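> Can you keep this structure in mind? I'll have questions shortly.
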C-alpha cells in the first residue's frame, strides 16, 4: 500500500505543479493584458485549488503510513527532516495561501484585482511547494 501511495503522490505532483503553474501564468497574463476575468479563468484557478487539496490529502495519508513521515519525526538528519517536517509543513502553508488567494479573489470586484489575488497567492504557494520537494528521492 505504501509504495502505491508514494507513486500516486509523486505522479500526481507533476499534474498539480503544471496546473498551479498554468493558473499563476494565466493570472499574470490577465494582469498584464488587462483582460476580463472570465469563466475560463475561474475554472483554471478552481481546478488548481481542487487538485492541490487532493494532493495534500494524498500526502497526509502517505505521511502517516510512510516510514519517512511521522515515524521518523524524532530523527533530524537532513533527509528525514525534509520528509518528516519541512515538506509537509511548508506544503500546508502553501495550500493555506492558495486557499486564501481563492477566497480573496471571490470578494474582489475588479477584474484586475481578481487576477492580482490569484497571481500573488498561487505563485507564492507554487514557489513554496517547489522549495520543499524532496528532489533527490523524487527524481530517482
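Derivation of every value follows stated rules applied to the coordinates shown; laboratory data play no part. These numbers were taken from a predicted model, which means no experiment stands behind them. Every residue, glycine among them, receives a Cβ derived from its backbone with ideal geometry; neighbour counts consider all protein chains shown.
> Helix 39-65 versus the longest principal axis of the chain: what angle, 0 to 90°, nearest 10, using Cα atoms?
So the inclination is approximately 10 degrees.
> Can you give me the distance in nm between label points at residue 107 and residue 15, each placed 7 Å from the Cα along the Cα-to-Cβ direction?
Placing both labels 7 Å along Cα→Cβ, they lie 3.2 nm apart.
> Using a Gaussian network model of the chain whose springs link C-alpha atoms within less than 10 Å, name the residue from 59, 101, 113 with the highest mean-square fluctuation.
Maximum among the listed residues: 113.
> Sequence gap at least 6, Cα distance under 8 Å: using those rules, report the relative contact order of the chain to the nearest whole percent.
Numbers: 150 pairs, mean separation 44.2, N = 140.
Here the relative contact order equals 32 percent.
> Taking the Cα-to-Cβ direction at residue 60 and at residue 34 and moving 7 Å from each Cα, how far apart do the two end points lie in nm?
Taking the simple label geometry, residue 60 and residue 34 are separated by 4.3 nm.
> May I ask you to compute the full-extension gain from residue 47 to residue 130, defined as 0.36 nm times their residue separation minus their alpha-carbon distance, rounded to one decimal in nm?
Working: separation 83, 0.36 × 83 = 29.88 nm, distance 1.88 nm.
Result for the pair: 28.0 nm of gain on full extension.
> When the helices in the chain are scored as -39500 (n - 2.57) per DSSP H run of 4 or longer and the sum is shared across all residues, what 222 nm value do you end up with, to the nearest 500 deg cm²/dmol?
On the way: 6 runs with 109 residues, N = 140.
Helix-only estimate at 222 nm: -26500 deg cm²/dmol.
> Does anyone have the angle between helix 2-33 and the longest principal axis of the chain? Alpha-carbon axes, 0 to 90°, nearest 10?
Here the helix axis deviates by roughly 20 degrees.
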